[in-house]
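Chemist: Take a look at the following structure, please.
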Amino acid sequence: MAILEGLNTQVMGISGDSLDTVKRFAGEFGITYPLVSDRGGAIKKLYSGERINYLIDKTGTIRLIVRGVPDNRVIIDKIKALGLDK
């Protein structure tokens, strides 16, 4: 995670769980990046209900979609290939 955060990126987690559950999860696993509780499902409706990782550039353009648990090396390589790390 430190590598991603060092590449001029913002890592963020979004969950349909309650804010209290998200806070407990972050504390239990030592997560320091922002976690968002999407209880109403507004974000889910915009993107997808399944486990998907999006690489979104600063203009809001989706540059990469990875279904399931991502291979961070693939994401890091894509960030660098697109020049988004600068």
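Chemist: Considering the zone a paramagnetic label at Asp77 would reach in this model (a point 7 Å from Cα along the Cα-to-Cβ line), which residues of region 1-33 have amide N under 13 Å from it?
Modeler: Within reach of a label on Asp77: no residues.
Chemist: Counting other beta carbons within 10 Å of each residue's own, what order do Leu46, Leu82, Leu64 fall into, fewest first?
Modeler: In increasing order of surrounding Cβ atoms, one gets Leu46, Leu82, Leu64.
Chemist: Pick out, in residue order, every one of the trypsin sites (Lys or Arg not before Pro) in region 5-40 that is DSSP loop and has at most 16 other C-beta atoms within 10 Å; say none if there are none. Each step should come with its number before you reach the end.
Modeler: Values: sites: Lys23, Arg24, Arg39; in loops: Arg39.
Sites meeting the loop and neighbour criteria: Arg39.
Chemist: Considering only DSSP states other than H, G, I, E and B, which chymotrypsin sites (Phe, Trp or Tyr not before Pro) in the chain qualify as loop sites with at most 14 other Cβ atoms within 10 Å?
Modeler: The qualifying sites are Tyr47.
Chemist: Okay, moving on. Full-extension gain between Leu7 and Thr21, please, as 0.36 nm times their residue separation minus the C-alpha to C-alpha distance.
Modeler: My answer for the length gained is 2.1 nm.
Values in this text are rule-based calculations from the coordinates and carry no lab data. Fair warning: this is a prediction, and the values are worked out from it, not measured in the lab. Glycine also receives a Cβ, built like all others from the backbone with ideal geometry; neighbour counts cover every protein chain displayed.
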